[in-house]
Amino acid sequence: MFTGLGAALNVLIVGASIGGLTVAEVLRRRGFDGAITLVGEERHPPYDRPPLSKQVLTGSWPAERTRLLGSDALDGLGVEWVLGRRAVHLDRGGRVVALDDGRRLPYDRLVIATGLTPRLLPGQPVLDGLRTLRTIDDALALRGELKDAARVAVVGAGVLGCEVAAGARTLGLEVTLVDPAPAPMARHLGARLGALVARTHRGHGVDVRVSSEVHAFTGTAGRVDGLELTGGEKIRADLVIVTIGAIPATGWLIGSGLDLSDGVTCDAYGQAAPGVYAVGDVARFPTGRVESRTNATEQAVAVAGNILGDERPFSSIPYFWTDQYDVKLQIHGRIGHDDRIRWIEGEPGAGRWVALAENGDEVTAAIGWKHARGVRLAREQISALSR
Ligand SMILES: Cc1cc2nc3c(=O)[nH]c(=O)nc-3n(C[C@H](O)[C@H](O)[C@H](O)COP(=O)(O)OP(=O)(O)OC[C@H]3O[C@@H](n4cnc5c(N)ncnc54)[C@H](O)[C@@H]3O)c2cc1C
């Protein structure tokens, strides 16, 4: 039983998703019996986002299956839930967070876990059928529209755009995937591995338009009917999904005095200011900001521990996965743009393989293509693990 932080203290967590929920769970698991309040803008109890662009989009999972905890487990946490309400202001001097209904919630420790909001193209119009994907409501609306669509354009071939393209194609729709980079997922994978992703999508019949930029969206009677590329070419679509990345949800923290350059800047303990912590997609630790589910969980465990007095700096090898068609692509570490890719099991043309990203003598990342066991073993070769 933890005794260092008394029951008189109260912890306020803003953002009721995987990061915020995990902080609450770990605090309770470790015996913290003070007050915990969890504020979330969405009206739903905490749910998992990765299935939204996969099983929920294609309809193979009902929405309820994404719930992170059942009702009994949520009740058992002894947390005060404030769902469907948005934090609008942080007064650090007074240790109070203001909500959009005028309520003011005091705290002794604040955890910021507000994640990201989708980025839009400059001047992006508001049209029916022109969508983004971040929440379960977005996913269900998109799933509904996919049923009536024949042609879909996906703008942005990052991880999310590639998953949406794969999902729409699996449903039998005509799909065009557009991105200004020379290959899909180039930011995460570099051009060489990105080319393998392009080949996979083309093999499934997706029209992959790399090195292509959107000039404008077109529509009639308030509904999108396609887009125009900078070269003047027009692509018709009943539905356009913009997946060009997301930005940290820090608008409510403006004026708080926190450093908000690319997320909430924290130290290695996850602390942004005395008594204020950040976790997950919104948090920028000294090692950088990472957008992945595993990272959100690991940081939440570390920050809950530090709230309880662990004083342990967070360190981790970043990990993410993506599912596209029958391919599970897993990456441990970070692939640098000048890294060399060396296949250690299988080869690019093979059905499944494992590769290492290397820079000089350093192994920076382990990459697995339909090879979960192999990539788990290869991870041990990442140089940072042996320091
Ligand atoms: C469609 C999709 C698919 C993904 N697939 C993968 C995958 O395959 N693999 C992987 O590793 N990662 C994946 N991710 C990323 C992963 O889901 C995120 O890294 C993870 O959800 C981050 O958790 P978080 O708690 O930091 O933030 P989030 O999950 O973004 O939650 C933040 C919460 O805070 C709330 N909030 C924001 N502002 C306020 C405010 N002012 N007041 C109150 N509440 C607020 C938001 O409404 C939201 O509910 C995916 C993400 C998406 C959107």
Worksheet entry | Table column - 3J(HN,Hα) (Hz), region 251-266, Karplus curve with 6.51, -1.76, 1.60, x for Gly and Pro | x, 6, 9, 4, x, 7, x, 6, 7, 10, 6, 6, x, 8, 6, 10
Fill in: Extent along principal axes [Cα atoms of region 120-242; Å; largest to smallest]
42, 30, 24
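Given a 1.4 Å probe, how much area per residue of the chain is accessible, in Å²? If you can, show how the numbers build up before the last one.
Details: 17110 Å² over 387 residues.
Accessible area per residue, the chain: 44 Å².
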Fill in: Percent RCO, i.e. relative contact order, over region 120-242, from Cα pairs under 8 Å lying at least 6 residues apart
32 percent
Fill in: Pairs of Cα atoms farther than 33 Å apart, the chain, %
36 percent
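Pairs of alpha-carbon atoms within less than 8 angstrom and 6+ residues apart define the contacts here; what relative contact order does the chain have, in percent?
On the way: 858 pairs, mean separation 56.5, N = 387.
For the chain, the relative contact order is 15 percent.
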Fill in: Per-residue ³J(HN,Hα) for region 28-45, Karplus 6.51 cos²θ - 1.76 cosθ + 1.60, θ = phi - 60°, Hz, x for Gly and Pro
5, 4, 8, x, 5, 10, x, 6, 10, 10, 10, 9, x, 5, 7, 7, 7, x
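Can you give the longest stretch of the chain with no exposed loop site, where a site means GluC sites (Glu not before Pro) in a DSSP loop (not H, G, I, E or B) with at most 14 other C-beta atoms within 10 Å?
So the longest stretch without any such site is 1-212.
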Discussion item. Given points 7 Å out from each Cα along the Cα-Cβ axis, report the E228 to D72 separation in nanometres with one decimal.
Written reply: 6.0 nm
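Normalising by the residue count of region 326-386, find the relative contact order in percent from Cα pairs under 8 Å and 6+ residues apart. Please list the in-between numbers first.
Values: 124 pairs, mean separation 20.8, N = 61.
Once normalised by length, the contact order is 34 percent.
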Item to complete: Taking a cut-off of 22 Å between Cα atoms, list the lysines near K370, but don't count ones fewer than 8 places away on the same chain.
Response: K54, K328
Response to the item:
Here region 145-212 gives, from Cα atoms, an Rg and Dmax in Å of 11.1, 36
Worksheet item: Near K147, which aspartates and glutamates are there with a Cα under 12 Å away, not counting those fewer than 8 places off in the same chain?
Response: D238
Practice prompt. Distance between Cα centroids, region 13-46 to region 223-280: provide it in whole Å.
Written response: 22 Å
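The values are calculated or read from the model by the stated rules, or taken from the named source; none is laboratory data. Small disclaimer: the values here were computed from a predicted structure and weren't measured. Note that we place each Cβ from the backbone using ideal geometry, even for glycine, and neighbour counts take in every protein chain shown. Quick note on the areas: whole protein, heavy atoms, side chains included, nothing else; ligands and nucleic acids left out. Shrake-Rupley method; radii C 1.70, N 1.55, O 1.52, S 1.80 Å.
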